[in-house]
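To keep things clear, I will list the structure first and then write my remarks on it.
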Amino acid sequence: MNFRIVNLGVTTRKQAVRSVIRWVLYVLMLIVGFILQSTLPVYKWQPFFVIAIACAVSFYEGELSGCVFAAFAGLMQDMATGGLFGFTSIWLVPCCMFVTLLVVNLIHRNIINFLWMTTATLVITQLMELLFKHVLWRNPHLDIIILQYMLPSVLVTIPSAAVIYLIVKSLNKKLGVEVSDDEIGSVFRGVDVNEEKVRY
């Protein structure tokens, strides 16, 4: 079974303006999330707002734009946590690509699907950090790192991710590019529905 990703470009000035405003607000969200993540007076751990925002944007945007946004989000995550610059991006970009492809081809956009995918992304990025920064270097305090740092950070990020999801959903609803029936029909023109499964 083959899947096709419908990618309809901006066709009017109004749609272009709405897209620019939407992405500016996404960037502002990322900056605010970075500031909060870097300055919240919490003990030992910190919520990963930046990763949650990257997942939310990928949940509603295309593959390329979502991956580019995730790459920058990964860099900001490393700056916020004091990690190796670019390390988080290596894992966050494919995770966000997977989020986008799942939404396009297999699942519906709702908060439940968003939360489990965000949780999976958090777990993957933290496992990679644990493996490459602690396990390979034979850190003797793995239990402390997991129980007092990583696990609380993941758990506190999940409820905040729900709020982030609602904000991004609202932005996309108000500023998303509206697609007409004629534009959708033009994408499918000439496609034999008996030979391939098309999702959009």
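The values are calculated or read from the model by the stated rules, or taken from the named source; none is laboratory data. It should be emphasised that the depicted structure is a prediction, and the values quoted were computed from it without experimental measurement. Don't worry about glycine lacking a Cβ; one is built from the backbone with ideal geometry, like all the others, and counts go over all protein chains shown.
Based on what the data block shows, is GLY62 surrounded by fewer than 24 Cβ atoms within 10 Å (Cβ to Cβ), over 24 Å from PHE132 (Cβ atoms) and not hydrophobic (A, V, I, L, M, F, W, C)? Yes, satisfied.
Selection of helices (runs of 4 or more DSSP H) fully inside the range 104-200 by the criterion of at least 3 residues being modelled with pLDDT under 80 and more than 20 Å from ALA73 (Cβ to Cβ) returns 142-145, 181-188. For VAL27, the conditions (1) over 22 Å from ASN172 (Cβ atoms); (2) at pLDDT 95 or above all hold with the exception of (1). In the set (1) closer than 18 Å to SER153 by Cβ; (2) in contact (Cβ under 8 Å) with a residue 40 or more places away in the chain, the condition left unmet by CYS96 is number (1). With respect to being surrounded by 14 or more Cβ atoms within 10 Å (Cβ to Cβ), within 24 Å of LEU142 (Cα to Cα), out of contact with any strand residue (DSSP E or B) (no Cβ under 7 Å at 6 or more places or on another chain) and among the β-branched types (Val, Ile, Thr), THR100 falls outside the description.
Every residue, every condition in (1) in contact with a helix residue (DSSP H, G or I) (Cβ under 7 Å, 6 or more places away or on another chain); (2) at pLDDT 95 or above; (3) surrounded by fewer than 15 Cβ atoms within 10 Å (Cβ to Cβ); (4) under 24 Å from VAL93 (Cβ atoms), yes or no:
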| position | (1), (2), (3), (4) |
| --- | --- |
| ASN7 | no, no, yes, yes |
| THR12 | no, no, yes, no |
| ILE21 | yes, no, yes, no |
| LEU40 | no, no, yes, no |
| ALA52 | yes, yes, no, yes |
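The test for being assigned to a helix (DSSP H, G or I) and either buried (at least 16 other Cβ atoms within 10 Å of the Cβ) or not basic (Lys, Arg) (or both) does not hold for PHE85.
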